[in-house]
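**Student:** Can you keep this structure in mind? I'll have questions shortly.
We did not get these values from a lab; they are worked out from the coordinates using the rules stated. In this text, all values refer to a predicted model and were calculated from it rather than measured experimentally. Virtual Cβ from ideal backbone geometry, glycine too; neighbours counted across all protein chains shown.
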Amino acid sequence: MSDTIAIRLEDVSKTFGRRKYRVPAVREISLSVAAGQVYGFLGPNGAGKTTTIRMIMDLIRPSAGALFVYGRNVHSDHTVLQRVGALVEGAAFYPFLTGRKNLEVLARTGNHYDAARIQTMLDQVGLADRADRQVKGYSTGMKQRLGLAAALLHDPDLVILDEPTNGLDPAGIQEMRTFIRDLAQKQGKTVFLSSHLLGEVEQVCDRVAIINKGQIIREGIVADLLAAQTQLVVEAEPVDRATAVLTPHWPVTANEKTITVLVARDEAPAVVQTLVAHEVAVYQVRRERQSLEQFFLEVTGRES
Amino acid sequence: MWNLYHAELQKTVGNRWVVGFLLWIFPVGALGVFLFLGLMALAMENFAQNMFTDPPLWTDSVIAVWGFPTNTLVQMLLLGLTAVTFAGEYQWGTWKNIIPRHRRPALIGVKFLTLGTLVVFSFVLMSIIVGLGFAVLTRIADVPYGPALSAAVLRQFAGDYALNAALAFITVLITAVYAAFAAMLMRSMVGGIVVGLGFVIIEPVTAFLFMPLAAWLEWDWLLHIVRFTPTYNVNNISSWVRFDTPTNLSHFFFEMRNLIPPVDSMAFSLTVLAVWLVVGIGLILVLFQRQDITG
């Protein structure tokens, strides 16, 4: 049990501030991440993603609930975090030290100093030629790469990445995607990934949770979540009337000659029946697979 | 623990400008002063002779270096170094990298240990430079530089040196506790320095603040609060070390001498200082243990 579930959150809440200045950041969230999975943790800005990640890393104490990594409570059994590598909310380093020295300091702090491993990580993230320059001269992308090297320095079982593609160029994003996939598929690591690049998440994650206003509003296998909701593209005339009659029942987006309707799979016939009943001419109906991005925008928009 | 200490040392010393201006300035400054005086002595006739109205003693000049850390200006520099060491982790956003790698109390403890060893190293180096600097100057001036080395002199010197160094170290540590507490509370280097400086300035004058209140309320016991402040106790220990008597409070305010008789033993003062350090570091640990790292 302890090694099959990498992360377990039980009714975790976090409220910042006191009395009338209380701001709930996370509200009673529970989730489990199985070992070996690539788990996407999605949400709009301010949804509570980073607060949750910081609680997993024992940087923030939860107001209620408990967090477990490989079955051990992260607060009372802090040493379990030695199995975790994390890049939390933008890489940050000692600006006056070189990239290599920063990694040395972190490795020594974690009691796992190995000069050869540091060099390997610098090679892997493509920073070997700039490792001996001070970090204050690094670009955001370079810091992000160094952050990834720092997270993987001690060969952790669980890797937590909070917006790892921030500051990376398109080629860097592509590399990062491959890197994350390899972490799970080739190295057998568990990856907990928070990202705004939903296309990337859709491609690499087995399972996702969507958090909004501190609460998890959807959770499941990516394919199942997307299959549960169908996007119907209907070619109909007049478009205005079609939009008007469907809007009270389903989310509708009108285009020039078509309308897009988000419905549950078994509601598709009802859409057509409604249009026909209101004398809208239906020329074509086709089902399109919804992207994770569309799904995300739809569920977070609806919850808002 | 060695690895953790090595990591802390690496990042503290790696901050070259800060450590240069706030710590290495003491031995380097001493070296500069002696180089200047040496050059002047070589260039100007009678310059060296005029410097020494009384022949200096190497024992006194070397030990005198440990008076520096008790000077308010020097304390301000060390306060700055402590504030950077503690608040820097907030400002650079680096706590999030190291907290998951080690327990919080150890991370705080090692900062005090590293600062302590660096300060001791810096002032030991400075005292060696001062001792050798005077040796060179007295040689140029052709004046004696005693006392002559003997087992008894060395034994006496070692004892006095250790006592003075320990006293300075305690003073520095108390200053560091003020600065660290302020830095961790404010999560800012400047805030840590300003508030820490406030503690350092206000603490010795608490006696003065209590005097009118004690007179107005006719509560003489209120004045005795001064006996539990670090400044009083450092002075008391210093007085025992130098004159073998308790402090007469003349360094506070003249009237204090009449109000509070000199009674406290060195053991009393050592106990009070130990309590201050334990409570101060304990407060920092509790504060840090409960703190959310959001930056």
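**Student:** Enumerate the residues in the stretch A:36-69 having an amide nitrogen under 16 Å from the point lying 7 Å beyond the Cα of A:HIS196 toward its Cβ.
**Tutor:** Correct set: A:41-51.
**Student:** On C-alpha positions alone, give me the angle between the axis of helix A:140-152 and the longest principal axis of chain A, in degrees, nearest 10.
**Tutor:** The answer is roughly 70 degrees.
**Student:** Something else about it: Quote the Stokes-Einstein diffusion coefficient, in whole µm² s⁻¹, for the stretch B:150-216, based on the Kirkwood radius over alpha carbon pairs, a temperature of 25 °C and a viscosity of 0.890 mPa s.
**Tutor:** My calculation gives 169 µm²/s for D.
**Student:** Would you kindly calculate the mean projected area, averaged across all directions, of the convex hull enclosing the Cα atoms of the stretch A:165-252, in square nanometres?
**Tutor:** 8.9
**Student:** May I ask you to derive the relative contact order of the stretch A:228-303, considering only C-alpha pairs under 8 Å and at least 6 residues apart, and to give it as an integer percent?
**Tutor:** Computed value for the stretch A:228-303: 41 percent relative contact order.
**Student:** Moving to a separate point now. Name the shape class, rounded, prolate or oblate, that the alpha-carbon gyration tensor gives for the stretch A:228-303, where a ≥ b ≥ c are the square roots of its eigenvalues, rounded holds for a/c under 1.5, and otherwise prolate holds if a/b is larger than b/c and oblate otherwise.
**Tutor:** prolate
**Student:** Another question about this same structure. For the stretch A:228-303, give the magnitude of the charge dipole about the Cα centre (Cβ charges: +1 Lys/Arg, -1 Asp/Glu; no others), in debye to the nearest 20.
**Tutor:** Roughly 140 debye, rounded to the nearest 20.
**Student:** Further question: Checking understanding here: applying a Kyte-Doolittle mean of at least 0.5 and a length along the axis of at least 15 Å (C-alpha), which whole DSSP H helices in chain B pass?
**Tutor:** What comes out of the filter, once short or polar helices are dropped, is B:25-43, B:72-91, B:104-141, B:151-186, B:189-202, B:206-217, B:266-290.
**Student:** Over the Cα atoms of the stretch B:65-224, Rg to Rh with Kirkwood Rh, two decimal places?
**Tutor:** Ratio of gyration radius to Kirkwood radius for the stretch B:65-224: 1.12.
**Student:** Also, I was wondering about something else. Which residue, chosen from B:LEU77, B:ILE170, A:LEU161, occupies the Cα position most advanced towards the positive end of the dipole of the protein assembly as shown, where the dipole is computed from +1 (Lys, Arg) and -1 (Asp, Glu) charges on Cβ about the Cα centre?
**Tutor:** Selected residue: B:ILE170.
**Student:** Continuing with this model, one more query. Just the Kirkwood number for the stretch A:5-222, please: inverse of mean 1/r across all distinct Cα pairs, in Å, one decimal.
**Tutor:** When all Cα pairs of the stretch A:5-222 are included, the Kirkwood radius is 17.7 Å.
**Student:** Quick one: Debye curve from the alpha-carbon atoms of the stretch A:54-132 only, equal weights, vacuum; give me log10 I(q)/I(0) at q = 0.15, 0.22, 0.26 Å⁻¹ to two decimals.
**Tutor:** The calculated log intensity ratios at q = 0.15, 0.22, 0.26 Å⁻¹ are -0.66, -1.06, -1.25.
**Student:** To the nearest 0.05, what FRET efficiency results for B:ALA148 and B:ARG242 with a Förster distance of 22 Å applied to their C-beta separation?
**Tutor:** Between B:ALA148 and B:ARG242 the formula returns 0.40.
**Student:** Give me the percent of Cα-Cα pairs in the stretch B:70-162 that sit more than 23 Å apart, rounded to a whole number.
**Tutor:** Every Cα pair in the stretch B:70-162 considered, those over 23 Å come to 51 percent.
**Student:** Exactly which GluC sites (Glu not before Pro) in the stretch B:1-103 are in a DSSP loop and have at most 11 other Cβ atoms within 10 Å?
**Tutor:** Answer in residue order: B:GLU45.
**Student:** Summing Lys, Arg as +1 and Asp, Glu as -1, what charge do residues with Cβ under 12 Å from the Cβ of A:ILE60 carry, A:ILE60 excluded?
**Tutor:** In short, +2.
**Student:** I would also like to ask the following. Calculate the length of the line joining the C-alpha centroid of the stretch A:211-238 to that of the stretch A:54-112, in whole Å.
**Tutor:** The stretch A:211-238 and the stretch A:54-112 have Cα centres spaced 34 Å from each other.
**Student:** Report the calculated FRET efficiency for B:ASP292 and A:GLN82 (r = Cβ-Cβ distance, R0 = 30 Å), to the nearest 0.05.
**Tutor:** So, using R0 = 30 Å, E works out to roughly 0.90.
**Student:** Going from the alpha-carbon gyration tensor of the protein assembly as shown, what semi-axes, largest first and in whole Å, does one get by taking the root of 5 times each eigenvalue?
**Tutor:** 66, 28, 20
**Student:** Scattering from the C-alpha atoms of the stretch B:15-82 alone, worked out with Debye: what is log10 I(q)/I(0) at q = 0.23, 0.29 1/Å?
**Tutor:** Taking Cα atoms of the stretch B:15-82 as identical point scatterers yields -1.05, -1.23.
**Student:** Which ordering of B:MET1, A:MET55 is given by a fewest-first count of other beta-carbon atoms within 10 Å?
**Tutor:** Ascending Cβ contact count within 10 Å gives the list B:MET1, A:MET55.
**Student:** Still on this model: Given a Förster distance of 25 angstrom, what is the FRET efficiency for B:VAL136 paired with B:ALA162, based on the Cβ-Cβ distance and rounded to 0.05?
**Tutor:** Efficiency for this residue pair is about 0.45.
**Student:** Given labels modelled 7 Å from the Cα in the Cβ direction, how far is it in nm from A:ASN111 to A:ARG286?
**Tutor:** Taking the simple label geometry, A:ASN111 and A:ARG286 are separated by 6.2 nm.
**Student:** In addition: Can you check what the net charge comes to around A:ALA149, using other residues whose Cβ is under 11 Å from the Cβ of A:ALA149 (Lys, Arg +1; Asp, Glu -1)?
**Tutor:** Neighbourhood net charge equals +3.
**Student:** Would you please give the residues with an amide H less than 5 Å from that of A:PHE41, counting only those at least 5 places away or on a separate chain, with H modeled from the backbone geometry?
**Tutor:** Amide H neighbours of A:PHE41, under 5 Å, 5+ apart: A:LEU193, A:SER194, A:SER195, A:ALA209.
**Student:** Name the residue farthest towards the positive end of the dipole of chain A from the options A:GLN231, A:SER30, A:PRO251, assuming +1 on Cβ of Lys and Arg, -1 on Cβ of Asp and Glu, about the Cα centre.
**Tutor:** The Cα lying farthest towards the positive end belongs to A:SER30.
**Student:** Over the alpha carbons of chain B, what is the largest minus smallest coordinate on each principal axis, giving the biggest first in Å?
**Tutor:** Here the Cα extents, ordered largest to smallest, are 64, 54, 35 Å.
**Student:** Ok, one more. Just to be sure I understand: of the beta bridges DSSP finds with both ends in chain A, what percent are antiparallel, rounded to 5?
**Tutor:** 70
**Student:** Ok, one more. Using only the Cα atoms of the stretch A:182-221, what do you get for the radius of gyration and for Dmax, in Å?
**Tutor:** Calculated on Cα positions, Rg and Dmax stand at 11.4, 35 Å.
**Student:** List the relative contact order of chain B as a percent without decimals, with contacts defined as Cα pairs under 8 Å and 6+ residues apart.
**Tutor:** The normalised contact order for chain B reaches 23 percent.
**Student:** Can you tell me, using C-alpha contacts under 8 Å and at least 6 residues apart, the relative contact order of the stretch A:5-222 as a whole percent?
**Tutor:** Dividing the mean separation by the residue count of the stretch A:5-222 yields 28 percent.
**Student:** In the stretch A:201-304, what trypsin sites (Lys or Arg not before Pro) fall in a loop by DSSP, with at most 15 other Cβ atoms inside 10 Å?
**Tutor:** A:LYS257, A:ARG289
**Student:** Also: How big is the dipole moment of the protein assembly as shown about its Cα centre under a simple scheme where the beta carbon of each Lys and Arg is +1, that of each Asp and Glu is -1, and everything else is neutral? Debye, nearest 20, please.
**Tutor:** 320
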